[in-house]
Every structure is written in C-alpha cells, then in structure tokens.
Amino acid sequence: MQSTSLRGTAADIYLSTIHPDYAALELGWLTNEWVQQTKGYNQLQVFVDRQAKILADLKAGNSRAVFQAIELLGLMAIWHDLPTGPSGEVAALVRGIITTWYASARVGSAPQRRDAVQMLRRLGSVLAGEQRGRRRQSDADRQEIWNYYHTILFRLGRAHRLVRFWTWSGSEHNLSKRTNEVAAVCGVPSATFKRLLGLDDEQWRLGIEECARAATAEAFKIAPRTVANATAQAIAEQWSWGRPVPRIRRVADATGTLRKNPLLENA
C-alpha cells in the first residue's frame, strides 16, 4: 500500500505538535490514510473471491466454513447489525450455525453434544487467533505499529518541508541546530530526522518511509522487516475492528516517543 500525499497547506507546516490545532491535523491525516488503505484492501479481488466461496460453502451446509468466515471477517462474521450484502449474508448463516451448535451442546443426543462441543471449542480457538510464533519481548498490536509508523511518516514529511524555511533563533546558518529545532517542533526524534537528511554519523541519506520504518522498529524494539509486515497485516485485519480507526493503546507523543494514548487514559 502506498501512502497518500503528505502535502498540506503552507500554514500547516508552521504548526508545532503542541499547538491546539495540531492534534486534529494529524488525526485527520491518519484517518484518511487508514480509510484509503483499507478501502483499497476491501476492493481486492482476492477478498471478494474468498468471501464468495465461503458464502457458497455456508449455503451448501458446510459448517466448517464458519471458521473461514471468522478468519476473513473477524468479529463482523458474528455481529448482528451488518448492512445487506455478501458480508451480511455470511454473518447471518454463521450465527445460525453457531446457534445450532449451542443448542446441540445442551439438549442434543450424545453424539450431537460431542460434535457441537468440539466445534464450539474450535470456535474459541479461532476467535483467540493464532499465537504461535509471536514475539514474547513485544506486546505491540499491529494497529499500534501501523499508527506509530504513519504518525512518524506524517511528521517527517512536515519536518522535511519546514527545514527549508526555518530561520528562528539564528539557526539558518547552522544546519545541525536548525535540524534539531525542526525535529523538536515536528515531534520526531532528532536522530530520525538527521537520518532522513543524511546528517547522522553514517552520512547515509535514507528515504522517508525507510526512516519512519526504522524509527518504528526502534520504538517497539522489533525488526524493520517486522514493521513492514505488521502494517500490511493491520490493513488485512481491519474487518475485525469494524471502525474507521482502531482503538490504539500507544501513540507517539510530542517528541516522537512511544507512550500511552492520552485519549484512553480515562477509558
């Protein structure tokens, strides 16, 4: 998935991360980015084809397609307030099958109870998700990684535009000082911004997405490759949230440091 434009109005680049209007500016961009990326995912033919096959299997009485539906749609496969369409049809059939299992586990014959209990137990495992291979040293959620990565990406884009116009505190003739000040105003780690400009110790200029990926890897203590995989998986899993923007526990603060989301502190 390619990011949408990082451009903004001329006035936008002069808003620091502590400005009262900045939060709305950043959230607006993140929300638009999330919607555009998930919209593209939803329209992928592979998704349409998988859903069509699951729907056909459910209509044919294949109860095991329930698990495939949950893997594809997440909790939306068992919600009751879906709009009409293929997803709604899948959810209605899934709920009917689960209801049958529930009843059979309680009042069915011995073989029926045994089979229903087995299916319900598998249902719990599918809802819990695959746990094998997950890193123990990091409890980062994929949506948190997606959110942090795109936040830093957005801020780096603003910093890159602003650094050309920064003349405060007499730093226009001192590149190192100007870089540090712009990084602070835009809420990105100074080392990350210098990496983008080729001013770090290695003197190697990296692309903006590569810099954001490296900063995210450092914040979550994971590999850059894991960041790329997690952001892609976050989009693929968006159906299980059913919201334009998921509930993010940790975000980048005004300095780019990973911290608890202040919007959830009283939640």
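Calculated FRET efficiency, Ala92 and Asn229, Cβ-Cβ r, R0 51 Å, to nearest 0.05? Write down the numbers at each step before the final one.
Details: r = 33 Å, r/R0 = 0.66.
Efficiency computed from Cβ-Cβ geometry: 0.95.
For Lys221, the lysines whose Cα falls under 25 Å of its own Cα, not counting residues fewer than eight places away in the same chain, are Lys194, Lys260.
Find how much the distance from Asp253 to Lys53 grows on full extension, using 0.36 nm per residue of separation minus their present alpha carbon separation; answer in nm with one decimal. Before the final figure, lay out each step's value.
Working: separation 200, 0.36 × 200 = 72.00 nm, distance 4.41 nm.
Roughly 67.6 nm would be gained on extension.
Sort the following peptides by mean Cβ neighbour count (other Cβ atoms within 10 Å, averaged over residues), highest first: 208-221, 143-156, 102-115, 85-98.
On the way: 208-221: 20.6, 143-156: 24.4, 102-115: 13.0, 85-98: 17.5.
Averaged packing, sorted descending, gives the order 143-156, 208-221, 85-98, 102-115.
Can you tell me the length gained on complete extension of the stretch Ser176 to His19, counting 0.36 nm per residue apart and subtracting the Cα distance? Don't jump to the answer; show the numbers that get you there.
Details: separation 157, 0.36 × 157 = 56.52 nm, distance 2.40 nm.
This chain segment gains 54.1 nm when fully extended.
Every number here is computed from the coordinates shown, using simple stated rules; none is lab data. This is a predicted model, so every value here is computed, not measured. All Cβ positions, glycine included, derive from the backbone under ideal geometry; neighbour counts span all protein chains shown.
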